[in-house]
Amino acid sequence: MTKPESGSLTAEAFNRIRAEILACRLPPGQKLVIADLCHDLGFSLGAVREALSRLTSEGLVEAEPRKGFRVAPITEAELRDITQVRATIESLCLESAIRHGDVKWEANIVATLFELSRLDLQDPADPARVSEVWADAHRRFHEALVAACDSPWLLRLRETLFVQSERYRRVSVPLNRAGRDLQSEHKAIADATIARDAATASAALREHLQKTTRILIASEVVKAHEAETA
């Protein structure tokens, strides 16, 4: 009788594979061979299979009948949809946080913005990829902005959409060099938020999210990925 996988091993496999997908080291559309993942990551068959099932429920992996698993592809239609919905949900979270936030909330925004400003976007070892340190600080900055939101459901939805948009943002990294000032974009959002100017903060946030989408669509990077996985 097969011994059940421990929850901790499954969770570790889930987190490792998820991180590989979000970093695009497992690129959109790639077939996921369970035996290869077990070998490369050092997890058992059961842990990897359960992790892939959980990632399927998150929408990061697709299960194909009689074909196994593959990383979910990226498409222009999905990019537009995710951006529109995320901008709406994240703006609602931000407006709620502005209404309810206190001085500690403001201080955390300032602290995470400063930390982000001190880090390089690109990975020094591979400039075509995002630095994992920067990506972690970036996630925490966006979380800090909305931390005072009083709706747990809005925050859950925001987190789901953030994860879904992460792969698209990672794909855009080599294109960000073309005159984009991410630090200024982040500062504009933070300044308006701390000033309790909900309209300006929300508009700056929407523009920040939509700019990545415009860059990707103009570059046709997403269309190239669609063609590869068609």
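A few remarks follow.
- Rolling a 1.4 Å probe over the heavy atoms of the protein chains gives segment 1-88 an accessible area of 55 Å² per residue.
- In sequence order, segment 118-123 has phi-based couplings of 8, 10, 7, 5, 7, 6 Hz under the Karplus curve 6.51 cos²θ - 1.76 cosθ + 1.60, θ = phi - 60°, and Gly or Pro positions carry x.
- FRET efficiency, Thr160 to Phe114 (Cβ-Cβ, R0 30 Å, nearest 0.05): 0.60
- Interchain or long-range residues, amide H under 5 Å from Ala72's placed H: Gly29, Val61, Glu62
- Shape of segment 60-112, Cα gyration tensor, a/c cut at 1.5: prolate
- Shape metrics for segment 1-82, restricted to C-alpha atoms - Rg then Dmax, Å: 13.1, 48
- Once exposed loop trypsin sites (Lys or Arg not before Pro) are cut out (DSSP; at most 16 other Cβ, 10 Å), longest piece of the chain: 119-176
- In the chain, lysine pairs closer than 21 Å at Cα, eight or more apart or cross-chain: 5
- Per residue, in Å², the accessible surface of segment 104-177 once ligands and nucleic acids are set aside, probe 1.4 Å: 49 Å²
- The chain - percent of accessible surface contributed by carbon and sulfur, probe 1.4 Å: 56 percent
- Scanning the chain for long hydrophobic helices, with DSSP H runs required to stretch 27 angstrom or more by C-alpha along their axis and to average at least -0.5 on the Kyte-Doolittle scale, returns 76-100, 198-219.
- Three-way shape call for segment 84-168 based on the alpha-carbon gyration tensor, with the a/c threshold at 1.5: oblate
The values are calculated or read from the model by the stated rules, or taken from the named source; none is laboratory data. Please read these numbers as outputs of a predicted model, since none were measured by experiment. Don't worry about glycine lacking a Cβ; one is built from the backbone with ideal geometry, like all the others, and counts go over all protein chains shown. The accessibility values were calculated without ligands, DNA or RNA, using every heavy atom of the protein model including side chains. Shrake-Rupley method; radii C 1.70, N 1.55, O 1.52, S 1.80 Å.
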